[in-house]
Amino acid sequence: MSGPTPFSPIARKARAGVPKTVWDLVFTFIIPILVLSPNILGSGISIAEQVFGGGTTGNVRAYVLAALIPVAYVLWDLIRNRTLSPVAMIGGAGAIFSGALAFWFVDGFWFAVKDSARSYLTGVLFLVSAATSVPLLRVFIDAASLGETPEHRAATQQAMRDPGVHRALALGTVLFAAVDLLGGVVNSIVNYARVTAKFGTDAFNAEVATVNAIMRVPGLIVSLAGIAVAFWIVQRAVQKRYGAAASLLEPAKLEAVMRERGELAEG
């Protein structure tokens, strides 16, 4: 039951007074684990038992609820912010995909595959896009400049069309794809080893909650590390092309450097 990726649009904004990261953790990590737990914080309370009546039916309903809460959170955030950027669309499509998988009731090997399916899909999409004229890493960098002035955005897009920078964008996209695919494989292995109970039982839900608790933070750290290295590769290519002062993540500075060098296309 994977939550938002580091590229998700809900990872970029903040509600008043509370960092977005906190809300992300609450709705995609903490609440789902509590819903799955057969003994919430040692209180003897179980959502499957007290809310849904217990037994197989109660456990299945608790499992579906835990899987759909992160999905509903992502979709609600997109609707609330009226975000229609490519990044938001990819995040929304991923949420819908995860929601659909919640109703694939399996255990054992196929559950291990299912729990990493979103990572596999994301990895494949990034890998395929790297062979096109628009690697997905370029899409995300471009989306990050949406709030900039037209002149700054134009400088960013011109830089990303440079052959050397484009190659770096493709390489960074492949790197992120590899990290996501590797993370999916590791997550599947851990799930296969630790989630051994039959679907619909208290033990199954408890094991899923345990694996989610074990894997979420390390998985996020690995993904962020992959993103950091991918952006470093791109930034190195930009500096090689436009000089040490240029930065693709600082469009104003990039525009100034390009204008000073007489390389900024007009109009």
Worksheet entry | Sum of side-chain charges, Lys253 neighbourhood, beta-carbon under 12 Å (Lys, Arg +1; Asp, Glu -1) | -3
Item to complete: Treating the angle as unsigned and between 0 and 90°, give the value, to the nearest 10°, between the Cα long axis of helix 55-81 and the longest Cα principal axis of the chain.
Response: 20
Practice prompt. Quickly rank 218-224, 257-263 as a protection proxy: mean count of other C-beta atoms within 10 Å, highest first.
Written response: 218-224, 257-263
Discussion item. Ranking request for peptides 62-69, 210-217: highest mean number of other beta-carbon atoms within 10 Å first, then the rest in descending order.
Written reply: 62-69, 210-217
Response to the item:
Probe 1.4 Å, heavy atoms of protein chains only: per residue, the accessible area of the range 70-132 in Å² is 50
Discussion item. Tell me which of Phe126, Ala143, Gln158 sits at the most positive position along the dipole axis of the range 68-174, charges placed on C-beta atoms (Lys, Arg +1; Asp, Glu -1).
Written reply: Gln158
Worksheet item: What's the center-to-center distance, using Cα atoms, between the range 115-164 and the range 30-56 in Å?
Response: 41
Worksheet item: How large is the accessible surface per residue of the range 142-223, computed with a 1.4 Å probe and reported in Å² as a whole number?
Response: 47
Worksheet item: Got a number for carbon plus sulfur as a percent of the range 113-258's accessible area, 1.4 Å probe?
Response: 69
Practice prompt. Of the listed values [x] -0.48, -1.17; [y] -0.72, -1.33; [z] -0.41, -1.11, grab the one calculated as log10 I(q)/I(0) by the Debye sum over Cα atoms at q = 0.09, 0.16 Å⁻¹ from the structure here.
Written response: [x]
Discussion item. Among 93-100, 114-121, 183-190, how do they line up by average Cβ neighbours within 10 Å per residue, starting with the highest?
Written reply: 114-121, 183-190, 93-100
Discussion item. Would the range 56-180 count as rounded, prolate or oblate if I go by the C-alpha gyration tensor, calling it rounded below 1.5 in a/c and otherwise prolate when a/b exceeds b/c, oblate otherwise?
Written reply: oblate
Item to complete: State, as an integer percentage, the relative contact order of the chain based on alpha-carbon contacts under 8 Å between residues 6 or more apart.
Response: 22
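The values are calculated or read from the model by the stated rules, or taken from the named source; none is laboratory data. The structure presented is a predicted model; accordingly, all values stated were derived computationally and were not measured. FYI the Cβ positions are ideal-geometry reconstructions off the backbone, even for glycines, and counts take in every protein chain you see. Areas reflect the complete protein model, heavy atoms only, side chains present, ligands, DNA and RNA absent. Shrake-Rupley method; radii C 1.70, N 1.55, O 1.52, S 1.80 Å.
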